[in-house]
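The values are calculated or read from the model by the stated rules, or taken from the named source; none is laboratory data. What you are looking at is a predicted structure, and each value in this text was computed from that prediction instead of being measured. Glycine also receives a Cβ, built like all others from the backbone with ideal geometry; neighbour counts cover every protein chain displayed. Please note that ligands, DNA and RNA were not included when accessible areas were found on the heavy atoms of the full protein model with its side chains. Shrake-Rupley method; radii C 1.70, N 1.55, O 1.52, S 1.80 Å.
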Amino acid sequence: MKIKSPAFGFGSLLLAGAAALAALPANAQGAPQAAVSTTAQPASISEVMVDRAGQLTTVRITGTGDLRYESSRLDSPPRLVLDFSTAQLAPRLRKISSTYAPVTAVRVGQPVPGKSRVVIDLSQPVSFTGESDASGVTISFAAPATVATPAAFHPARTPVVRKLANASAPEMPLPGSLTGSNPGFARPANPPAAPQPQDATSAPQMPAGATPNKKYTGDPISVNLKDVDLKDFFRLIHEISGLNVVLDPSVRGTVTLVLDEVPWDQGLDIVLRNNGLTKEIDGNVLRIATQDTLRHEADQRRDLLKAESEAIEPVTVTRVLSYAQADKMTPTIKKFLTTRGDVYADIRSNTLIIRDIPSSIPKIDDLLRQLDRKSQQVEIDARVVQASRSFAREVGTQFGFSTPLNTTGNTALGGLVGNPTFLSPVIHSIIPPFSSTSGVGNSIPLVSNLGATAPNSGFTISTQGHNYAVDFMLSLMESRGVGKVLSEPRGVTQNNEKLTVKQGTKIPIQTNINNTIAVQYIDAVLKLEVTPQITAEGTVFLDVTVENTQIDQGIARIQGTPALDTQSTETKVLINDGGTVVIGGVVITNQNTSVDQVPLLGSVPLIGNLFKHTTVNVSTQELLFFLTPRILPG
């Protein structure tokens with residue numbers, strides 16, 4: 001049932017809600033119900049107790065006066081609702097937990113003044129019986145026969161008792177309903193024909209301006225208000241939530257809203273935002289004031305704290321550090337001091353001198369205890385491998401011929417004459433027509449001199465007839481080389497501290513600046529820099545820098561200063577404790593091929609190889625780093 005009465009006042013709305021609550025359906029199980037008397041004497045509920053009696057679980061409701069009630073069975077989830085139309089509750093409300101099946105909890109509340117409600121939450125639908133006596137009401141439930149009782153529901157020696165008069169702030173406020181018969185817990189198992197309750201499958205509409213990320217835990221309510229005073233609305237919040245409500249004198253205005261199955265705390269936030277109000281919760285007291293009021297109070301508290309701080313005489317303390325360096329800790333400590341505080345570092349004794357108000361010193365001491373700790377250490381085991389490979393091949397030919405030998409006065413064909421080093425090494429028995437001016441007459445001149453520079457093998461073909469002489473020499477050379485340089489630098493460093501390892505030479509360079517001669521040294525070294533960081537999982541994060549700088553002999557020096565050849569790499573890698581990572585890939589390969597040949601003849605396929613000198617040089621250099629971090633114990 002929905003009651004919408006814009007013309008009624010707040011009191012009329014409460015009366016309408018009470019009338020709607022009286023229309024709840026009767027117990028479908030046929031349980032005994034106390035008849036509602038029009039002359040019921042004032043009564044009160046003071047205690048609720050959950051206990052086990054044999055195979056029955058009992059809920060005992062005790063108090064004073066004539067405790068008459070009406071019962072309703074609800075589902076989704078199953079529960080039993082007892083409405084006491086003429087009973088008052090103790091000022092404080094409390095949810096009572098139960099360890100006896102099928103009762104899981106008992107909740108009490110007062111939806112409207114003068115009427116009390118007890119809701120018994122059940123684990124499953126079961127039958128019950130009710131019994132009234134002079135001191136109260138006892139509701140008995142049969143334990144489920146088909147379901148084994150879990151260990152959590154074993155009977156205790158003492159029953160669960162909650163005295164309402166001594167209870168603290170409510171854990172879960174009991175919902176109320178001001179506009180219909182909906183009790184706020186679930187739909188009745190056998191609802192009346194009219195009016196029909198709202199379909200539970202329909203999604204509730206989110207009111208405009210609500211914060212979607214905020215989670216509301218209040219029970220849903222349905223209200224329809226028009227031009228209701230804000231003070232009456234906050235009285236309603238008090239009745240629903242059980243919180244004590246205190247209003248600032250500046251709170252005034254009216255509220256008009258329609259909420260359907262909206263959590264009460266969400267509805268409260270909507271009303272506060274619409275009227276420029278804000279709230280403070282202190283225990284079970286809800287204070288509502290304007291934003292300007294709370295902002296002004298916050299400014300006053302801040303000014304008061306500042307005035308109190310300035311009135312306190314500062315003190316000076318010293319703190320000796322064991323592991324951290326005092327000068328490096330000074331900027332960090334300064335950020336946590338008050339405006340009157342300061343800190344100085346004595347490097348000689350590694351001591352911090354702190355001056356501030358007394359209340360600030362304990363906070364600084366806590367901070368120093370966290371920061372001045374022994375750092376873990378990491379051992380870095382590195383292996384540096386420099387591998388080089390070389391290959392050289394040289395193929396050359398020398399060719400000389402002469403004709404005729406015994407005929408003079410005719411045309412002769414032969415090699416170049418006049419250069420004593422340009423002669424065939426073959427000595428002929430018959431003196432050829434071309435003889436050297438140096439007196440070596442038994443060697444014919446060479447047509448091509450393309451022999452290997454430093455041969456280590458070769459062949460010579462020489463033939464001489466009556467009218468000709470031919471000399472052919474083939475010279476060969478081939479060499480291979482493999483080199484490896486292994487370095488094993490090792491060092492220990494603290495966590496997040498850099499470890500540097502260098503190996504090489506320093507090159508002196510003379511400079512002249514303003515007629516002042518100075519000598520500077522430049523590193524031509526193999527350098528390894530590693531910064532380890534120990535993670536929470538026990539792995540090591542390495543920040544690695546590798547640089548290999550050497551003198552480049554292939555570039556001419558400028559005023560005695562050599563050129564430098566540099567290879568470097570920077571990387572960050574995560575590795576397990578004791579694991580090995582390979583950092584390398586710096587490979588340099590030089591290949592040079594040169595060909596000297598006789599013009600035209602050297603370009604002829606196949607035969608041209610007899611008139612060529614070919615040199616091939618190949619060199620390869622590779623640099624590899626193997627890093628193994630180990631976390632030292634302690």
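Data for the structure
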{"read-out": "Estimated inter-spin distance, N592 and D552, nm [label 7 Å along Cα→Cβ]", "value": "1.5 nm"}
{"read-out": "Zone residues, segment 59-77, relative to A134, backbone N less than 19 Å from point 7 Å out along Cα-to-Cβ", "value": "61-68"}
{"read-out": "Coordinate range along principal axes, alpha carbons of segment 502-634, Å, largest first", "value": "79, 54, 17"}
{"read-out": "Stokes-Einstein translational diffusion, segment 445-564 - Kirkwood Rh over all Cα pairs, 1.306 mPa s, 10 °C, in µm²/s", "value": "74 µm²/s"}
{"read-out": "Accessible surface, per residue, of segment 295-408 when the full set of protein chains is kept, probe 1.4 Å, Å²", "value": "62 Å²"}
{"read-out": "More than 15 angstrom apart: percent of Cα pairs within segment 271-316", "value": "60 percent"}
{"read-out": "Quotient of Cα Rg and 2.2 N^0.38 Å for segment 241-328, N being how many residues it contains", "value": "1.86"}
{"read-out": "Overall Cα dimensions of segment 266-381 - principal axes, largest extent first, Å", "value": "65, 47, 23"}
{"read-out": "Stretch gain in nm, segment E379-L304, where the contour uses 0.36 nm per residue and the Cα spacing is subtracted", "value": "21.6 nm"}
{"read-out": "Candidate aspartates and glutamates for bridging to K498, where Cα separation is under 16 Å - those fewer than 8 sequence places away on the same chain excluded", "value": "E379, D381, E529, D543, E547, E570"}
{"read-out": "Kirkwood Rh (inverse of mean 1/r, distinct Cα pairs), segment 537-591, angstrom", "value": "14.3 Å"}
{"read-out": "Per residue value of the accessible surface for segment 221-264 (all protein chains in place, 1.4 Å probe), Å²", "value": "45 Å²"}
{"read-out": "Unsatisfied cross-links (Cα-Cα over 30 Å) in the set K484/K612; K484/K506; K334/K374", "value": "K484/K612"}
{"read-out": "Stretch gain in nm, segment S429-L486, where the contour uses 0.36 nm per residue and the Cα spacing is subtracted", "value": "14.6 nm"}
{"read-out": "Pairwise FRET efficiency - S322 versus R287, Cβ, R0 = 41 Å, nearest 0.05", "value": "0.25"}
{"read-out": "Accessible area per residue, Å², segment 442-569 with all protein chains present, probe 1.4 Å", "value": "62 Å²"}
{"read-out": "More than 16 Å apart - percent of Cα-Cα pairs taken over segment 585-634", "value": "65 percent"}
{"read-out": "Kirkwood Rh in Å, taken over all unlike Cα pairs in segment 57-133", "value": "13.1 Å"}
